[in-house]
Amino acid sequence: MKEWPLPLFGMAIGIAASFIGLGGGFLVVPFLIALGFDAQRAVGTSFLAVLVISVSATFGHARLHAVDWKTGVLLGLGGVLGAQIGPQLLRAVPTPVFQKIFAVVLGALAVWMFVKK
């Protein structure tokens, strides 16, 4: 695998993630699977990249006074438990099944955002 395009892809993900408020995993995971990663390694690697992107984006938004720290911390604390359960569930799901579930979830979110008032 050629590594030189990874920082460029990361920069594009960082821009998109910090612009629309997503961690970027919805872009990183399919990219890594396309590079040949299995689902569990793609998701795990994505989280590391998203961690770095998210910390940087948080500071960028904080400079604009656009962070509700209490809400963010409370959501994050709740997410800690889920983040320990998720990998165990993913271990039981083959990559092709994961890809279908991932696509359905993203499609449902896109429809919801499109029709939401």
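So for the chain, averaging the separation of alpha carbon pairs under 8 Å that are six or more residues apart and normalising by length, what relative contact order in percent results?
On the way: 48 pairs, mean separation 27.9, N = 117.
24 percent.
Using a simple charge model, +1 on the beta-carbon of Lys and Arg, -1 on the beta-carbon of Asp and Glu, nothing else, what dipole does the chain show about its Cα centre, in debye to the nearest 20?
Result for the chain is approximately 200 debye, rounded to the nearest 20.
Find which of 51, 14, 74 sits farthest along the positive direction of the dipole of the chain, computed with +1 on the beta-carbon of Lys and Arg, -1 on that of Asp and Glu, about the Cα centre.
Towards the positive end, the residue furthest out is 74.
Laboratory data are not the source of any read-out in this text; all were calculated from the coordinates shown. Just so it is clear, the model here is predicted, and its values are computed rather than measured. All Cβ positions, glycine included, derive from the backbone under ideal geometry; neighbour counts span all protein chains shown.
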